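Worksheet for the structure shown next.
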Amino acid sequence: MFAVAHIGLVVTNADQSLAFYTRILGCQVEDQYEDERIRLIFIKSGQLTIELIQYQADSVPVRSAGRVDHIAFFVNDITAEIAKLRQHKIPLLFEQPQIVGKQKIMFFTGPDGERLEFVQKLQ
């Protein structure tokens, strides 16, 4: 069984969303990551972590603005979990796991096309 790592939400303005979740809902910033195509802000309230996702490049289509983008699961050994996915011919988003902030990640697709993610925390 897996534990839920976080819920990813696509937002159009990360600063505005961050202000809402921290100032109004009392969430705390846990981690942030930014590059030329995406900005990620991980906020936490108790055991719940929400990932605010803002696409920065016009070439990146917004998948589902204002809706849940994916479900992420913590794993202890992402390499082993990816091997299981490959064994079952599950489509992967990347060839290799990506390092984002303090974690290693891999996105994959579920049976109905839903986006799922494995997350391994880095030491």
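Below are the figures for this structure:
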| read-out | value |
| --- | --- |
| Under 5 Å, built H, 5+ apart or other chain: amide partners of residue 31 | 42 |
| Contour excess over end-to-end distance, with Cα ends at residue 92 and residue 73 and 0.36 nm allotted per residue | 5.4 nm |
| Solution diffusion estimate, µm²/s, Stokes-Einstein, the chain, Kirkwood Rh from C-alpha pairs, 10 °C, viscosity 1.306 mPa s | 105 |
| Close Lys-Lys pairs in the chain, where close means Cα under 20 Å and separation is 8 or more or interchain | 7 |
| Contour minus Cα-Cα distance for residue 102 and residue 30 (0.36 nm per residue) | 24.9 nm |
| Relative packing of 43-56, 26-39, which averages over residues the other C-beta atoms within 10 Å, highest first | 43-56, 26-39 |
| Within the chain, percent of DSSP bridges classed antiparallel, to nearest 5 | 80 |
| The stretch 10-59 pair-distance distribution - Cα-Cα, 10 Å bins, rounded % | 28, 55, 16, 2 |
| Two-site FRET efficiency, residue 112 against residue 85, from Cβ-Cβ distance with R₀ of 22 Å, rounded to 0.05 | 0.85 |
| Options 118, 93, 27, ranked by Cα towards positive dipole end of the chain, top entry (Cβ charges) | 118 |
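Read the figures in this text as sums done on the coordinates, not as results from a lab. Small disclaimer: the values here were computed from a predicted structure and weren't measured. When we count neighbours, we look across all protein chains shown, and the Cβ atoms used for this are built from the backbone with ideal geometry, even at glycine.
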